[in-house]
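Following: one structure in structure tokens, then a few remarks.
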Amino acid sequence: MYERSSVAELAESLRAELNRYSIGGKLPSSRVLVERYRVSPVTVSRALAQLAAEGLVVTRPGAGVFRAAPRTAAPAPGDTSWQEVALSAEGAGEIVPRSVDATGVLGCLAVPPSGVIELNSGYLHRSLQPERAMAAALARAGRRPGAWGRPPLEGLPELRDWFAREIGGAVVAADVLVTAGGQSALATALRALAPPGAPILVESPTYPGLLAIARASGCRPVPVPVDAEGVRPELLAAAFEATGARVFVCQPLFQNPTGAVLAPGRRAEVLRIARAAGAFVVEDDYARSLAHEGAGPLPATLAAEDTD
């Protein structure tokens, strides 16, 4: 008999016999269960672990296994809104709908036809990837002392220091939090800065994934038009005044999808307007390392120019 089947059958048998024991009553020892059901000690251990996970028994090392008291209330549900957006679940009766039209994102993730090299995402075509160099770097990284240990929650110190230098200005490693990726960083920032139901200002048009994150966080995206020189400052100021928003999310460098770069004369103005509104600027600097050769010097990050 397969081990998995044995575990399931033993767990079902023990579940059916629990009523024979009072609350807090001790169950037979593992040795007795091995002999009674003619199974291995591992099977007994896994079956009892299954009952413990269901809240039916309590295991006390050195004392034995005891029948648990019934649960009086279900635990509070976790925040699964990000899953609802990812699965396009419909939220009935919600002021801010959590479901979004994901066709734009799915289009970017679709496999291109043979012979086509896509230029609409940050993923390099395989022919452009230095696979041998990356494989060698990965092998070297895996041999480093501590490579397989659990990293600090805020990220590796060396990586945080590197990001701080890349951002520039007065940013130091202590200001950096390493996340699992760009989407995770945006979601963390919005959940930290904007309560559910709050308006947040976004460029229009903007990255579809940002709208998904905003709605998953319960926020209400308010569009601010952009032109060939980036977001229009006068409309940004009007949007702050009209909505009372305290967050503005922007892509000053190679804005998605227009490709606009925030004009030099607008950069300080955007920071001044946000400061006057008592608002945060979330700078999505996603494309700094994707500029073409010969593009010339790139402007610094907004964070580097922000004295606050």
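FYI, it's all coordinate maths here, none of it is from the lab. Since the model is a prediction, treat every value here as computed from it, not as a measurement. Cβ: placed from backbone, ideal geometry, glycine included. Neighbour counts: every protein chain shown.
Considering all different alpha carbon pairs of the stretch 173-308, the Kirkwood hydrodynamic radius works out to 15.2 Å. How would you classify the stretch 114-156 from its alpha-carbon gyration tensor, with a ≥ b ≥ c the square roots of the eigenvalues: rounded for a/c under 1.5, else prolate if a/b is greater than b/c, otherwise oblate? Oblate, because a/c is 1.5 or more while a/b does not exceed b/c.
What is the packing order of peptides 59-66, 47-54, 229-236, taking the mean over residues of other C-beta atoms within 10 Å and listing the highest first?
Packing order, densest peptide first, comes out as 229-236, 47-54, 59-66.
Take every Cα pair under 8 Å whose residues are at least 6 apart in sequence, average their separation, divide by the length of the stretch 187-282, and the relative contact order is 30 percent. Listing 292, 125 from fewest to most neighbouring C-beta atoms within 10 Å gives 292, 125.
Name the residue farthest towards the positive end of the dipole of the stretch 228-307 from the options 237, 290, 251, assuming +1 on Cβ of Lys and Arg, -1 on Cβ of Asp and Glu, about the Cα centre. Of the candidates, 237 comes out farthest on the positive side. Principal axis analysis of the Cα atoms in the stretch 3-67 yields extents of 29, 21, 19 Å, listed in decreasing size.
Neighbour counting of Cβ atoms within 10 Å sorts the residues 249, 58, fewest neighbours leading, into 58, 249. If the chain linking residue 293 and residue 111 were pulled fully straight, counting 0.36 nm for each residue of separation and taking away their Cα-Cα distance, it would gain 62.8 nm.
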